[in-house]
Structures are given as structure tokens and as C-alpha cells.
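Below is one structure; the comments refer to it alone.
The values are calculated or read from the model by the stated rules, or taken from the named source; none is laboratory data. Being a predicted model, the structure only gives us computed values, none of them experimental. A quick note on method: Cβ atoms are made from the backbone with ideal geometry, for glycine too, and the neighbour counts reach across all protein chains shown. Surface accessibility is based on the protein's heavy atoms, side chains included, excluding ligands, DNA and RNA. Shrake-Rupley method; radii C 1.70, N 1.55, O 1.52, S 1.80 Å.
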Amino acid sequence: MAGFAFRKNLHGTSEVPALLEFIGKNSIIFTVGDAVRMNTSGFLDLSEANEQVMGIVQTVVDTNGLPVTPDSGTTNTWTMASDNQTVALRKVQIVPAFGDYAFSTDSDTTITTADLGVYFNANATSDGVVTAGQSATIGTLMFQCIGLDPNGDADASMGLYRIVASQMAQVTIATVAA
């Protein structure tokens, strides 16, 4: 399976994530499992290397919240119209990128125990990670490897990741006594 898939939360409950929905950017192709970001205009777009992540695509709905039929010949891909932001207003439903959610995905090569705790970037199609440029320090990288072979099927390129470059990050506001 290509793409990121929600696997579990890391705080020990059986909580299932609530989906959030946002209008998709014009002419973008979204596929289940893509990492997406909110662009500066307020529309969802694909997350590229070194960009923050708002969430992981699950489906697309119309303005009434009803499921939109996937593109012809696919079961999990939707192309936004060139006027989606103003006319069609189709919304992409996502699992939010909270730091205590773990997602499984594929990497471009084998990962090993030496990669646990290491940070990775998204691949060119926003549906997995690349090992080139990985680092033991977070920098601008997007995903942290926290597990190997989450399916237990000896797939050495499959890992469990948490999103560390999140647009859903908790914000702390400090107050100063007068």
C-alpha cells in the first residue's frame, strides 16, 4: 500500500482520530495517504520536502459532506477542478498531524534499527519517506521513525512514523505578571 496510514495513537487509548476537512487547492491531485499542508491562502496542498504537515488524506467530500466519486479508473484518487477554491468547493478530509499519532508508510530503501529516532523528509509524491538527507537532528525534516515493519511481514522498507513538522502543533502562550 502506498501512502501514510494511521496506525495508532501513542498515549495508550483506543481513540480513533476525528477527521478534519478543508477545501482543496485548485487542480491538485489528492490520493488517500498523501501528506498535505495548509497553504498561505488557506487551501490544502501536497506537502513537499521540508514543509509542515496538516494531516494525511482520507477522502474527498462535496459541499454537503457527501462522498465524491474518485477519478475514473481509481478507487482512492481525486483531482480538484481548476475552480475548486471558488466554485466546486470540494473538501479533503484528513487525519490531523498530531504528534501522538503514528502512521505507517514505505521508504525508498531498507530501514534498520539504526534509523529508529531518525528524522526523514517526504518523497516527491508526498506518500512516503526518503532516506536521502535523513538526520539524527530534526532541522526541517518532517517525520520521525519510531518503529520497523509495523505489519510484521518482513517488509524492510516499511516503518512507523510520527509527524514532527506539524501545522497542528500545540501552541503555548506564556503570560507575564504586571
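Points to keep in mind about this one:
- Dipole magnitude of the stretch 1-49 about its Cα centre (Cβ charges: Lys, Arg +1; Asp, Glu -1), debye to nearest 20: 100
- Rounded accessible area per residue of the chain, 1.4 Å, Å²: 51
- Listed peptides 113-124, 26-37, 143-154, 95-106 by packing density, highest first (mean Cβ within 10 Å): 26-37, 95-106, 113-124, 143-154
- Placing +1 on the Cβ of every Lys and Arg and -1 on the Cβ of every Asp and Glu, with nothing else charged, gives the chain a dipole about its Cα centre of roughly 420 debye.
- Computed from backbone phi with θ = phi - 60° and the Karplus coefficients 6.51, -1.76 and 1.60, the 3J(HN,Hα) list for the stretch 42-59 is x, 10, 6, 9, 5, 7, 9, 3, 6, 10, 5, 10, 8, x, 10, 4, 10, 6 Hz; x is used for glycine and proline.
- Solvent-accessible surface (1.4 Å probe) assigned to M168 amounts to roughly 50 Å².
- Label-to-label distance, A114 versus T13, with points set 7 angstrom from Cα along the beta-carbon direction: 4.0 nm.
- From the C-alpha gyration tensor of the chain, square roots of 5λ in Å: 27, 22, 15
- Size of the stretch 39-113 as Cα extents on the principal axes (Å, biggest first): 48, 32, 22
- Rounded to whole Hz, the Karplus (6.51, -1.76, 1.60) HN-Hα couplings of the stretch 136-146, x for glycine and proline: 7, 10, 5, x, 9, 6, 9, 10, 10, 6, 10
- The chain: most fluctuating residue of L19, L66, L89 per GNM, C-alpha cutoff 10 Å: L66
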